[in-house]
Amino acid sequence: MNDEPLYDEKQTPKLKDKEDIDKETNFHLAFAYTQFILENRLPFSLIKPLINLISFLVEQYPPNFLEDFSISRQTITKNAHSLAVHLKENLYGLLRTSPFSLSIDCSSDVYGISYLVICAKFQDQTNPEHLATKLITTIPITTSSTGEVL
């Protein structure tokens, strides 16, 4: 067996070159993102939007502000409701100014609760060759869900 020490204190450790540091940092970042996605049971498809959000926040706000920032569930709920009202108004404005069709479907979940879903299909203003489909509403059906009743 070789009795030489694995690390010789007299030897000056080599500084890692930039490429090694970048690879190591990339590995740790990838691991951190993966851990976050798995621990919070989030879809893997969320990773690109999450990275984009973090990049945007880092560019827009100073680090000390981001470190001290917090938000409550109630604030998020309130903001989501306000955003929903705004999106609904925009969608209805689009439907007032362009031809559209409605699609109505009924379905039930695994618990047996039935829902009526209404979607609108219309010409996308940014790409006239594309038809956009947007959810208008989902209504729980409390009575019969037969075609005649609907």
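The values are calculated or read from the model by the stated rules, or taken from the named source; none is laboratory data. Nothing here was measured: the structure is a model prediction, and the numbers come from that model. We place every Cβ from the backbone using ideal geometry, glycine too, and count neighbours over all the protein chains shown.
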field: Test set (1) touching a residue at least 40 places away in the same chain (Cβ under 8 Å); (2) part of a strand (DSSP E or B) - residue 115 fails condition number
entry: (1)
query: residue 118: over 26 Å from the mean Cα position of the chain (by Cα) and not acidic (Asp, Glu), yes or no?
result: no
message: Yes or no: region 19-34 includes at least one residue that is hydrophobic (A, V, I, L, M, F, W, C), under 30 Å from residue 136 (Cα atoms) and free of Cβ contacts under 8 Å to residues at least 24 places away in the same chain.
response: no
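Looking at residue 102, is it modelled with pLDDT under 80, more than 23 Å from the chain's Cα centre (by Cα), surrounded by 10 or more Cβ atoms within 10 Å (Cβ to Cβ) and among the aliphatic types (A, V, I, L, M)?
On the way: modelled with pLDDT under 80: no; more than 23 Å from the chain's Cα centre (by Cα): yes; surrounded by 10 or more Cβ atoms within 10 Å (Cβ to Cβ): yes; among the aliphatic types (A, V, I, L, M): yes.
No, not satisfied.
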field: Residues of region 46-82 that turn out to be within 24 Å of residue 34 (Cβ to Cβ) and either assigned to a helix (DSSP H, G or I) or in contact with a Cys (Cβ under 8 Å, 6 or more places away or on another chain) (or both), as a count
entry: 17
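Test of understanding: among 89, 59, which residue is farther than 30 Å from residue 135 by Cβ, loosely packed, with under 11 Cβ neighbours inside 10 Å and modelled with pLDDT of 90 or more?
Details: 89 fails: farther than 30 Å from residue 135 by Cβ.
Among 89, 59, only 59 is farther than 30 Å from residue 135 by Cβ, loosely packed, with under 11 Cβ neighbours inside 10 Å and modelled with pLDDT of 90 or more.
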- prompt: Restricting to region 33-45, what's the tally of residues that are part of a helix (DSSP H, G or I) and surrounded by fewer than 10 Cβ atoms within 10 Å (Cβ to Cβ)?
  reply: 3
Any chance residue 93 is within 30 Å of residue 143 (Cα to Cα) and without any contact (Cβ under 8 Å) to a residue 60 or more places away in the chain: no
